[in-house]
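The values are calculated or read from the model by the stated rules, or taken from the named source; none is laboratory data. Bear in mind the structure is a predicted one, so any value in this text is a computation, not a measurement. Cβ: placed from backbone, ideal geometry, glycine included. Neighbour counts: every protein chain shown.
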Amino acid sequence: MTATPDTLLTLVAPAALEDKLVDLLLALPGMASGFTTHPASGHGREIALVGANENVRGRGARVCVRLALQSAALQPLLGEVRAALPDANIFYWVTPLLDCGRVS
């Protein structure tokens with residue numbers, strides 16, 4: 001039986017890296033058994049704007065990835081992401097996951 005996830009990891013990466021990041025996570029089913037992606041916009045001084053469209057809009061295209069996982073898998077998973085995409089400018093945060101499951 002698989003233990004219930006207790007940690008929510010959120011990764012925010014440049015949109016151009018979405019396929020690479022998704023492929024990496026799909027290759028790690030023991031650490032990332034499932035995840036959700038959605039488009040996002042990055043704002044702030046540390047957001048590198050790419051192209052005229054982003055410069056005019058003042059925001060960078062990003063992809064947000066959310067993974068529910070066991071806390072023991074967190075650092076190994078981040079290590080895999082760092083090793084595979086060392087200069088990717090991926091921001092992350094971790095929050096406790098009080099409960100999760102399927103409604104039906």
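Restricting the first member to segment 45-74 and to residues that are closer than 24 Å to Leu8 by Cα and of a type in the set (D, E, K, R), and the second to residues that are modelled with pLDDT of 65 or more and loosely packed, with under 11 Cβ neighbours inside 10 Å, the beta-carbon pairs closer than 6 Å and six or more apart or on different chains are Arg66/Thr36.
Among the residues of this structure, Arg66 counts as one that is among the basic types (Lys, Arg), closer than 30 Å to Thr2 by Cα and at pLDDT 75 or above. Residues considered: Val12, Val22. Of these, the only one that is surrounded by 11 or more Cβ atoms within 10 Å (Cβ to Cβ) and more than 15 Å from Ala84 (Cβ to Cβ) is Val12. Of all the numbered requirements in (1) under 18 Å from Ala16 (Cβ atoms); (2) at pLDDT 85 or above; (3) in contact with a strand residue (DSSP E or B) (Cβ under 6 Å, 6 or more places away or on another chain); (4) of a type outside the set (Lys, Arg), Leu85 misses one, and that requirement is (3).
Of the residues screened, Ser33 is not one that is within 16 Å of the chain's Cα centre (by Cα), surrounded by 10 or more Cβ atoms within 10 Å (Cβ to Cβ), part of a strand (DSSP E or B) and at pLDDT below 95.
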